[in-house]
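Have a look at the structure below, then the notes.
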Amino acid sequence: MTEAPERRTRAGHGDDSIYWDKSKNRYIGAVSLGYTPTGKRNRPKVSGKTKAEVRQKLRELRKELANGAKAPTNYTVAQAVTDWLAQGLKGREVTSIDTYKSLAENHIIPQLGKGKLRELEADDLDEWLEAEAEVLATQSLKMVHSILRRSISHAQRRGRAVRNVAELVEVPDGRPGRPSKSLSLEQGEAVLRGKEGSWIHAYVVLSLLVGVRPEEARPLTWSHVHLARSGKDKPHVAVWRSVRRHGDTKTRRSRRSLAMPRQAVAVMRAHKRREQAACLAAGEEWTEERLVFPTGTGELRSALNVRRNFRTLLKEAGFDNPKEWTPRELRTSFVSVLSDYGIPIEVIARLVGHNGSGTTERVYRKQLRPVIAEGAEAMDDIFGDDEDAPDGEVPDAG
């Protein structure tokens, strides 16, 4: 005997309702709360894949509404996001904070900021996320949603929000992320000639020929750049710090010492002489603890500052689309060039500080300090000449 289909009854005034939304391919649950002072119907909504999921969300919504009747009426989405950015990111890395601020200021506040937080509905967020999915990659879209959700949670803890409507919506797929790309050999040679005699030229040479991460290059000090041969060790850079919290490198395996090819040594020596001369001209005392790539006032450069200068270099080098490149792609180019040259991937993994095979990991653990030289030797063959650069010391300032 076939069971009779469930009879659908009309919800009474003030009752919750559940219905199927074909356009969203989801069940929608709505709570009827009458009308707002402006005459707009007040029906907070939730959504889910099943009726049971929606019923549970409706129960939670009812509980939140019952417990939060005192939320301020004029508190806006922009205020909630701004408060979270100011108070909810203590202890976070500067780069993370900058990313959150940029996403909030460009993708949340302009579209949702003026709306009152207590009137924000799931439908509003669905429409907003669907529009943002046309311009943002999936990962960025998830970050934008997370910022809003955490901002509302921050407001809830302070009695400024009744419910967290951002928890009631699903994040759609965004645009495919921009794939990393690498410089061709011809492009690499052009980049290595761009803006010679400047700090950004030295930065590019070190990044492309040695494989240093952007967050490792910016806080690099001269005490970790060894420009003279010492015993069996070639001139090298000790990559032991980054801009991450507490100055740690990305992983324990990222802490490594990398030999520099001859071209990098020559460029870094010239760059050091310029930095020493500028220090003397300013009447300051030279110290090896100075940053290798400081701002004009001796401070740490921001990622944005490096990116702008890098793109200026690319424009001078003849690139038609410099805005499509980032400094991080110097590192992917380092890997690509070595791989094309025939350097084993296990060696490249050691050079860039990546996780490798079990054998690579065991070898790495035995050499936290020894200089890894294979990359420098290969880069000498790829981009260098046949002449050996002198191994003399860079003269001290003074």
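This table checks each residue for (1) within 25 Å of Val94 (Cβ to Cβ); (2) at pLDDT below 95; (3) in the same structural domain as Thr221 (by TED's automatic domain parsing).
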{"site": "Arg273", "(1), (2), (3)": "no, no, yes"}
{"site": "Glu289", "(1), (2), (3)": "yes, yes, yes"}
{"site": "Thr312", "(1), (2), (3)": "yes, no, yes"}
{"site": "Gly318", "(1), (2), (3)": "no, yes, yes"}
{"site": "Gly342", "(1), (2), (3)": "no, yes, yes"}
{"site": "Ile345", "(1), (2), (3)": "no, yes, yes"}
{"site": "Gln367", "(1), (2), (3)": "no, yes, yes"}
{"site": "Pro370", "(1), (2), (3)": "no, yes, yes"}
Practice problem: Output yes when any residue across segment 115-136 is part of a helix (DSSP H, G or I), over 30 Å from Glu316 (Cβ atoms) and basic (Lys, Arg), and no when none is. | Solution: yes
Quiz prompt | Residue list for segment 30-58, filter: charged (D, E, K, R) and at pLDDT below 80 | solution = Lys40, Arg41, Arg43, Lys45
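If I ask for residues that are charged (D, E, K, R) and at positive phi, which ones from segment 189-213 would you list? Steps first, answer last, please.
Looking only at segment 189-213, we keep the residues that are charged (D, E, K, R), and these are 189, 193, 195-196, 213.
Across segment 189-213, the qualifying residue is only Lys195.
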Quiz item: Residues Leu141, Leu61: which one is touching a residue at least 24 places away in the same chain (Cβ under 8 Å), out of contact with any Lys or Arg (no Cβ under 8 Å at 6 or more places or on another chain) and assigned to a helix (DSSP H, G or I)?
Solution: Leu141
Quiz item: Looking only at segment 141-155, which residues are buried (at least 18 other Cβ atoms within 10 Å of the Cβ) and either among the hydroxyl-bearing types (Ser, Thr, Tyr) or out of contact with any helix residue (DSSP H, G or I) (no Cβ under 7 Å at 6 or more places or on another chain) (or both)?
Solution: Ser151
Practice problem: Could you grab the pairs with beta carbons closer than 8 Å, sequence gap of 6+ or different chains, first residue in segment 184-211 and touching a residue at least 24 places away in the same chain (Cβ under 8 Å) and in a loop (DSSP other than H, G, I, E, B), second one crowded, with 16+ Cβ neighbours inside 10 Å and polar (S, T, N, Q)? | Solution: Leu192/Gln263
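Any idea how many residues of segment 281-297 are exposed (fewer than 13 other Cβ atoms within 10 Å of the Cβ) and more than 16 Å from Ala202 (Cα to Cα)? Steps first, answer last, please.
At the first step, the residues of segment 281-297 found to be exposed (fewer than 13 other Cβ atoms within 10 Å of the Cβ) are 281-285, 287-289, 295-297.
After this cut, where a residue has to be more than 16 Å from Ala202 (Cα to Cα) as well, the list is 281-285, 287-289, 297.
Counting residues in segment 281-297 that are exposed (fewer than 13 other Cβ atoms within 10 Å of the Cβ) and more than 16 Å from Ala202 (Cα to Cα) gives 9.
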Quiz item: Among the residues of segment 117-131, is any buried (at least 20 other Cβ atoms within 10 Å of the Cβ), more than 20 Å from Ser47 (Cα to Cα) and of a type outside the set (Asp, Glu)?
Solution: no
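Suppose we keep only residues that are outside any helix (DSSP H, G or I) and more than 20 Å from Leu136 (Cβ to Cβ) within segment 79-114. Which one would you say is modelled with the lowest pLDDT? Walk me through it before giving the result.
Quick first cut of segment 79-114, residues outside any helix (DSSP H, G or I) only: 88-93, 113-114.
This time we only want the ones that are more than 20 Å from Leu136 (Cβ to Cβ), so: 88-93, 114.
On the way: Gly88: 85, Leu89: 84, Lys90: 80, Gly91: 73, Arg92: 75, Glu93: 69, Lys114: 91.
Among those residues, the one meeting the criterion is Glu93.
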Quiz item: Any chance segment 236-243 includes a residue that's surrounded by 23 or more Cβ atoms within 10 Å (Cβ to Cβ), at pLDDT 85 or above and under 23 Å from Leu338 (Cβ atoms)?
Solution: yes
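The values are calculated or read from the model by the stated rules, or taken from the named source; none is laboratory data. The structure displayed is predicted, hence computed values, not measured ones. Cβ coordinates were reconstructed from backbone atoms using ideal geometry, including for glycine residues, and neighbour counts include every protein chain displayed.
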